[in-house]
Amino acid sequence: MKRLEGKVAIVTGGATGIGEAICKKFAAEGAKIVVAGLPDDPVDEVVNEISKLGGAAVAFKGNVGEFKTAKDCVAQAVKEYGKLDILINNAGVFVETNELTDYSEESYFYMIENNITTTFMMSKAALPELQKTKGNIVAAGSEAGVLGIPQNVAYGGTKAFIIAFIKGLAAEQAAYGVRCNIVGPGPIDTAWTHKETGPMNGKMEKLNMQATLMGRRGTPEEVANVYLFLASDEASYVTGALYMVDGGITIAKGPAGDQADKSFKSEPEGDIKLQHEFEGHTSIH
Ligand SMILES: NC(=O)c1ccc[n+]([C@@H]2O[C@H](COP(=O)([O-])OP(=O)(O)OC[C@H]3O[C@@H](n4cnc5c(N)ncnc54)[C@H](O)[C@@H]3O)[C@@H](O)[C@H]2O)c1
């Protein structure tokens, strides 16, 4: 039996990048999908591609950061497929890299709207249906929501919000049998992490990969695999969890020291001189 047989899922930001991979992975595992994206997103293409492979999907276009649109999206799932089991809050934006002194207020508000408000509105709109099916929510966090990220500090803040929001929701909604979890991707091979197609410059792109233990980006499919597990009944005892899919970036030290100015690199003299050092006693032989 397929891992999502009989399930109905909404995937926000479902037409590109990680969202596209989630839609295709879930459809291949038997779920019926509402592919939700902004009006200019290639939502219809993804629906057609899924249909051609024998899967079931419908398109929903609109800004799910607005509550009325979020409710319409949930209503479409129920109208088309009779219920809702899974909400994937994947929509998000990553628009600018700049130190805070130069970071635009416009980008800040745009991120609040598309990263935070989308998650709030969709979760609020979907819960009445998810409570009926004892369904679940999986949301897009980020390593940036755990570690912070320089030159896009507000982005890290939006992802930290999502982590705390979903953990709180897990505690609140457990009484209704609804599970809520977060996936925390590291640098993933979508438009965002390439200097040609996203706001990162070449230096940031390189640093990002060096900072992972694996020395590479993850693929959208590698992230979708974890969404699949958390959204499926295999994760029936998992709620309030943050699953990192980050090539180890959150435990790696990274090469940040290489970036420090030479003048910061010499150790200070200080006043205390150690008289006792533990030398030569660590061997068990
Ligand atoms: N790519 C990475 O390295 C990375 C790392 C950590 C976390 N993430 C998270 O993963 C998610 C997907 O990122 P991606 O790299 O695939 O980017 P992406 O730009 O390909 O996908 C995001 C999608 O969300 C859609 N969207 C944005 N605002 C929306 C709204 N208000 N209503 C409906 N749709 C909306 C966009 O149009 C886009 O299709 C994001 O939440 C992102 O923060 C990505």
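The values are calculated or read from the model by the stated rules, or taken from the named source; none is laboratory data. On a predicted model such as this, the values are computed, not experimentally measured, just so you know. All Cβ positions, glycine included, derive from the backbone under ideal geometry; neighbour counts span all protein chains shown.
Of all the criteria given as (1) within 16 Å of Val93 (Cα to Cα); (2) more than 10 Å from the ligand (Cβ to nearest atom); (3) surrounded by fewer than 16 Cβ atoms within 10 Å (Cβ to Cβ); (4) of a type outside the set (A, V, I, L, M), the one not satisfied by Pro199 is (3). Checking each residue in region 50-76 for being over 21 Å from Ala224 (Cα atoms) and in a helix (DSSP H, G or I) picks out Phe67, Lys68, Thr69, Ala70, Lys71, Asp72, Cys73, Val74, Ala75, Gln76. Kindly indicate which of Val47, Val93, Val146 is out of contact with any Asp or Glu (no Cβ under 8 Å at 6 or more places or on another chain), hydrophobic (A, V, I, L, M, F, W, C), modelled with pLDDT of 95 or more and not in a helix (DSSP H, G or I). Unique residue meeting the criteria: Val93. In the set (1) in contact with a Lys or Arg (Cβ under 7 Å, 6 or more places away or on another chain); (2) not in a loop (DSSP other than H, G, I, E, B), Gly240 fails one condition alone, (2). Inside region 202-231, residues that are buried (at least 20 other Cβ atoms within 10 Å of the Cβ) and in a loop (DSSP other than H, G, I, E, B) make up a count of 3.
Quick one: in region 34-57, which of the residues that are in contact with a helix residue (DSSP H, G or I) (Cβ under 7 Å, 6 or more places away or on another chain) and closer than 23 Å to Asn115 by Cα is surrounded by the fewest Cβ atoms within 10 Å (Cβ to Cβ)? In this case the residue turns out to be Val46. In region 65-80, the residues that are acidic (Asp, Glu) reach residues that are away from the ligand (no atom under 13 Å from the Cβ) with C-beta atoms within less than 6 angstrom, at least six apart or across chains, in these pairs: Glu80/Val58.
Scanning region 224-252 for residues that are of a type outside the set (A, V, I, L, M, F, W, C) and within 15 Å of Gly135 (Cβ to Cβ) yields a count of 6.
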